[in-house]
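> First the structure, which I've put down as structure tokens, then a few questions once you've had a look.
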Amino acid sequence: MTETASEMAIEQVRRLVADAWGLDVQIENLVGFADSNFRLTADDGGQYVLKLSPPGTSLEWLQCQNSATLHLTTSPLAALVPRVVPTRGGEVLLRLDEESEHPRWARLMTYLEGTPLAKVTKRPPLLLEEIGRTLAQLDFALADFDHPGAHRECFWDLTTTPNNAHFATYIDDPSRRALVEAHLQRFATRVTPRLSELECAVIHNDGNDYNLLVSAPDGGDPHLTGVIDFGDILHTAVVAEIAISCAYLIVDRDEWWDDAMHLIRGYDSVRPLTRLERDLLPDLIIGRICASLMFSSYGRHSNPDNAYLQISEAPMWRQLERMAMDDHSRLAPAVDTACRRAPNRSIDQILSIRERHVGRNLSVSYSEPLKIVRGESQYLIDDQGRRFLDLVNNVCHVGHCHPHVVAAGQRQMAELNTNTRYLHDNLADYALKLTVTFPDPLSVCFFVCTGTEANDLALRLARTHSGTREIIVLEHAYHGHSPSLIEIGTYKCEGPGGEGLAEHAHAAPLPDPYRGPHRGGDAGARYGNEVRAMVAELSAAGRPPGAFMAESLIGCGGQVIPPDGFMPAAFQAVRAAGGVCIADEVQVGFGRAGSHFWAFEALDVVPDIVTLGKPIGNGHPMAAVVTTPEIAASFVTGMEYFNTFGGNPVSCAIGLAVLEVIESEGLQEHARVLGEQFLDGFREMAPRHRLIGDVRGLGLFLGVELVRDHDTLEPADTEASAAIDAMRNRGFLLSTDGPLHNVLKIKPPMVLTAEDVAAVLENVDEVLDEIEARR
Ligand code: PMP
């Protein structure tokens with residue numbers, strides 16, 4: 001690596017460029033690390049850099065650099081990175097020394113204007129933040145780039161710094177050597193064991209102050225004009241990108257601490273650093289300083305003439321020494337603050353702000369509210385660093401902050417977000433990938449932003465198609481918070497503040513085979529008859545239903561699994577009267593039912609309209625309606641359906657990523673297996689607990705109904721709430737549901753593990769013991 005590039009006479013360069021690229025140029029020598037670089041100015045004013053690799057340079061590595069810069073030309077960073085200029089024959093790498101076994105290669109790149117940051121002393125915070133942001137954007141743009149040449153062992157792979165420890169022997173000063181060795185040791189114990197948890201991808205890997213170009217037009221504030229030299233490009237931990245820049249940019253700076261924080265803040269604002277990345281950042285920064293110092297010490301021994309190798313040695317030592325004096329425990333919180341993640345407001349302060357400035361008709365979970373600051377897979381973490389197993393969030397379906405979903409959203413956000421009046425591949429891709437998950441004839445999508453919007457639109461579709469607003473719903477149903485849905489859902493309209501069902505809405509009995517009027521083997525048929533009777537009555541009154549709307553598995557009604565035969569009977573009766581059937585899969589879709597991707601499939605029906613929400617975007621606000629071509633055609637009345645945000649490129653990128661994760665991680669089957677583990681476990685413990693009245697569920701949608709008396713079914717509501725409080729204190733977040741508030745509901749992120757299920761079962765068992773002992 002330290003081999004100096006062989007010199008090439010200026011005259012030879014001129015001839016090469018004229019022959020291969022057809023350019024007549026003025027030539028100037030540029031400093032380079034491994035390559036020989038020449039700055040060329042063509043007759044037409046065009047400016048280029050000719051890079052000649054030293055003999056024996058890996059072709060694959062050069063191809064990788066070229067491919068990466070090519071990849072970036074279609075990214076928002078195109079103007080900030082050099083572009084490869086092919087020869088007249090279309091080659092992007094020109095072989096020199098035809099005869100040689102170790103040929104050199106020539107590449108021509110566009111020249112970017114600007115001064116290396118190393119030569120600029122004025123570095124205002126805004127410039128540093130811009131550099132941080134740009135590096136993060138670069139990482140986003142490279143996130144979907146890969147090349148075999150980027151997978152190589154390399155001294156400059158920050159993650160393997162301790163492997164280079166033997167280079168420390170070239171450090172002559174014993175105290176300095178000890179300092180480096182101590183840090184390498186610290187790196188090996190603190191950073192190395194956690195490397196496998198870091199996100200890896202191809203990164204630029206050398207944002208030092210010679211590779212960042214800035215310009216200050218008219219003496220104004222400097223801004224970034226280029227990121228050059230992809231010669232260190234590598235597949236490694238992505239956080240190395242900002243760590244490396246920090247390491248070089250803080251050297252010799254009086255305000256080094258603040259400078260680092262501005263860089264980190266900028267980076268984090270575009271690609272939020274994870275908890276682990278933030279924790280490891282100080283060690284990674286020092287790690288790169290150590291690597292650089294080992295390398296320059298080695299370079300001095302083996303190659304005393306190469307000035308470039310020693311370029312920043314003395315100030316680097318000063319930097320390492322002053323950082324060594326600073327307590328590590330001070331650096332990590334500073335990084336947190338830079339990333340604006342420091343836990344700053346107390347729970348009381350937040351409650352008081354909410355009280356004054358946020359509408360108050362929203363309850364907060366738990367009598368002692370939680371301030372949750374982070375989510376990770378199936379866990380939520382509070383401001384005290386306590387980790388809770390999340391058993392109720394069916395929104396963060398594939399796990400809180402799933403990296404694949406986060407990256408998809410961030411990448412698309414950095415590229416484009418606009419409405420669907422422009423054509424975009426993401427919408428087309430998503431419509432295709434989503435509709436193939438449905439049985440025929442469900443094949444037409446409408447993209448909206450919330451479950452409420454989806455259901456509201458479903459009502460409009462049903463009304464336009466059937467010509468009537470008359471609708472049959474189920475008792476205790478909740479379908480959304482708009483007036484059109486409040487007035488048909490008794491969960492709200494017959495609760496506090498409600499105004500009762502609208503005249504056009506008719507609530508059929510909740511098909512609850514445990515507590516409802518119909519129980520036993522034929523409960524499904526008998527509940528079906530209730531709907532049939534309701535349809536007959538409405539039809540006789542000249543008001544046949546235009547729609548039947550129900551959740552496939554019933555959430556607010558108390559985690560009720562409709563008994564066999566109910567849905568087919570209800571659908572048949574409503575359709576016979578000319579109505580359409582709407583399945584609300586806002587809570588239960590996307591594989592949660594385990595046996596099937598859509599819960600209605602487990603009930604042996606195919607709805608006419610299906611509404612999707614919550615899990616669809618893993619927390620990103622998006623939702624959809626899927627219907628038949630026929631119903632979609634009826635909706636073409638001349639009035640446009642436009643939704644500002646629905647189906648935007650970011651939402652679609654996220655939706656696609658969610659589908660990919662469900663598939664690649666086998667989450668539907670996982671839900672089936674864990675669902676059975678839950679049911680078996682609860683059924684096994686039921687005989688030991690007077691409180692357990694019923695255990696029910698499908699996949700990872702489960703309910704445990706607590707009662708005080710198995711004959712009267714007197715609801716054990718206070719016991720249920722005591723159970724969730726006790727579980728919370730043990731690190732498990734559960735909640736209650738059902739009209740009588742006595743059903744423990746379980747609908748966790750689908751990445752829960754079998755160990756988690758076992759832990760939940762064991763703790764519920766103990767908690768119920770405690771509560772039963774108290775009574
Ligand atoms: N349908 C069902 C079954 C729901 O559970 C919800 C939300 N709890 C909605 C619709 C409404 O969704 P959103 O809150 O996204 O408007």
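The values are calculated or read from the model by the stated rules, or taken from the named source; none is laboratory data. From a predicted model like this one, the values you see are computed outputs, not experimental measurements. Because the Cβ atoms are built from the backbone with ideal geometry, glycine has one as well, and the counts that use them run over all protein chains shown.
> Name the pairs whose Cβ atoms lie under 6 Å apart, with the first residue in the range 433-444 and more than 17 Å from D604 (Cβ to Cβ), the second assigned to a helix (DSSP H, G or I), and 6 or more positions between them or separate chains?
Every condition considered, the pairs that remain are K433/L659; S443/T435; V444/P629; V444/A632.
> As an exercise: evaluate L457 against (1) more than 15 Å from the ligand (Cβ to nearest atom); (2) more than 18 Å from A573 (Cβ to Cβ) and give the number of the one condition it does not meet.
(1)
> Determine which member of the set P369, P333 is part of a loop (DSSP other than H, G, I, E, B) and surrounded by 11 or more Cβ atoms within 10 Å (Cβ to Cβ).
P369
> Please find, within the range 579-593, the residue that is surrounded by the most Cβ atoms within 10 Å (Cβ to Cβ) out of those that are small (G, A, S) and under 24 Å from T468 (Cβ atoms).
A583
> Can you tell me which residues in the range 146-155 are outside any helix (DSSP H, G or I) and modelled with pLDDT of 95 or more?
Hits for the range 146-155 are D146, H147, H151.
> Here's something else I'd like to know. Is it the case that the range 126-139 has a residue that's modelled with pLDDT of 95 or more, assigned to a loop (DSSP other than H, G, I, E, B), closer than 28 Å to A338 by Cα and touching a Leu at 6+ places or on another chain (Cβ under 9 Å)?
Among the residues of the range 126-139, not one is modelled with pLDDT of 95 or more, assigned to a loop (DSSP other than H, G, I, E, B), closer than 28 Å to A338 by Cα and touching a Leu at 6+ places or on another chain (Cβ under 9 Å), which makes the answer no.
> Something else about it: How many of the residues making up the range 574-629 are farther than 30 Å from A533 by Cβ and more than 30 Å from the chain's Cα centre (by Cα)?
Selection size over the range 574-629: 1.
> Next up: Can you find a residue that is modelled with pLDDT under 95 and more than 15 Å from the ligand (Cβ to nearest atom) anywhere in the range 478-495?
The answer is yes; a qualifying residue exists.
Rundown of residues vs (1) under 24 Å from P748 (Cβ atoms); (2) modelled with pLDDT under 85, yes/no style:
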site: C339; (1), (2): no, yes
site: L370; (1), (2): yes, no
site: L380; (1), (2): yes, no
site: V392; (1), (2): yes, no
site: V395; (1), (2): yes, no
site: Q410; (1), (2): no, no
site: N417; (1), (2): no, no
site: Y422; (1), (2): no, no
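> May I pose another question? Before we move on, is P544 within 26 Å of F701 (Cα to Cα), of a type outside the set (F, W, Y) and away from the ligand (no atom under 15 Å from the Cβ)?
No: the conditions fail for P544.
> So, one more: Given P544, P568, P562, which one is crowded, with 24+ Cβ neighbours inside 10 Å and either under 22 Å from K492 (Cα atoms) or touching a residue at least 24 places away in the same chain (Cβ under 8 Å) (or both)?
P562
Residue-by-condition table, conditions (1) of a type in the set (V, I, T); (2) over 23 Å from P272 (Cβ atoms); (3) surrounded by 14 or more Cβ atoms within 10 Å (Cβ to Cβ); (4) touching a residue at least 40 places away in the same chain (Cβ under 8 Å):
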site: S346; (1), (2), (3), (4): no, yes, no, no
site: I350; (1), (2), (3), (4): yes, no, yes, no
site: R356; (1), (2), (3), (4): no, yes, no, no
site: Q378; (1), (2), (3), (4): no, no, yes, yes
site: F388; (1), (2), (3), (4): no, no, yes, yes
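> Give the residues of the range 739-763 that are polar (S, T, N, Q), crowded, with 17+ Cβ neighbours inside 10 Å and in a loop (DSSP other than H, G, I, E, B), sorted by residue number.
Across the range 739-763, the qualifying residue is only N742.
> Hey, another quick one. If you take the residues in the range 414-454 that are within 16 Å of the ligand (Cβ to nearest atom) and of a type in the set (S, T, Y), which one is farthest from the chain's Cα centre (by Cα)?
T452
> Report yes if some residue within the range 499-509 is in a helix (DSSP H, G or I) and free of Cβ contacts under 8 Å to residues at least 12 places away in the same chain; otherwise report no.
Among the residues of the range 499-509, not one is in a helix (DSSP H, G or I) and free of Cβ contacts under 8 Å to residues at least 12 places away in the same chain, which makes the answer no.
> Could you count how many residues in the range 376-402 are small (G, A, S) and closer than 21 Å to G666 by Cβ?
2
> Same structure again: Could you list, in sequence order, all residues of the range 472-502 that are among the β-branched types (V, I, T) and in contact with a Phe, Trp or Tyr (Cβ under 7 Å, 6 or more places away or on another chain)?
Within the range 472-502, just I472 meets the criteria.
> G480 is checked against (1) crowded, with 16+ Cβ neighbours inside 10 Å; (2) on the phi < 0 side of the Ramachandran plot; (3) not basic (K, R) and fails just one. What number does that condition carry?
(2)
> Scan L432, L389, L380 and give me the residue that is among the hydrophobic types (A, V, I, L, M, F, W, C) and in a helix (DSSP H, G or I).
Exactly one of L432, L389, L380 is among the hydrophobic types (A, V, I, L, M, F, W, C) and in a helix (DSSP H, G or I), namely L432.
> Hey, among T468, T464, which residue is surrounded by fewer than 24 Cβ atoms within 10 Å (Cβ to Cβ), over 18 Å from Y641 (Cβ atoms) and polar (S, T, N, Q)?
Every option except T468 fails the conditions.
> Related question: Answer yes or no: is there a residue in the range 463-473 that is more than 23 Å from the chain's Cα centre (by Cα), within 15 Å of the ligand (Cβ to nearest atom) and under 20 Å from M567 (Cβ atoms).
Scanning the range 463-473 turns up at least one residue that is more than 23 Å from the chain's Cα centre (by Cα), within 15 Å of the ligand (Cβ to nearest atom) and under 20 Å from M567 (Cβ atoms).
> Oh, and also: Tell me yes or no: at least one residue of the range 279-288 is in contact with a Leu (Cβ under 7 Å, 6 or more places away or on another chain), among the small types (G, A, S), in a helix (DSSP H, G or I) and closer than 21 Å to E181 by Cα.
yes
> Residues in the range 101-109: is at least one part of a loop (DSSP other than H, G, I, E, B) and surrounded by 14 or more Cβ atoms within 10 Å (Cβ to Cβ)?
Taking every residue of the range 101-109 in turn, at least one turns out to be part of a loop (DSSP other than H, G, I, E, B) and surrounded by 14 or more Cβ atoms within 10 Å (Cβ to Cβ).
> Then there's this: Kindly state which strands (runs of 3 or more DSSP E) lie completely within the range 158-245 and contain at least 1 residues that are surrounded by fewer than 19 Cβ atoms within 10 Å (Cβ to Cβ) and under 31 Å from the mean Cα position of the chain (by Cα).
Filter on the range 158-245 gives 200-203, 223-227.
> Report every pair of residues separated by at least 6 positions or lying on different chains whose Cβ atoms are under 7 Å apart, first residue within the range 476-495 and more than 18 Å from H741 (Cβ to Cβ) and polar (S, T, N, Q), second near the ligand (Cβ under 8 Å from one of its atoms) and modelled with pLDDT of 95 or more.
So the pair list comes out as S482/T452.
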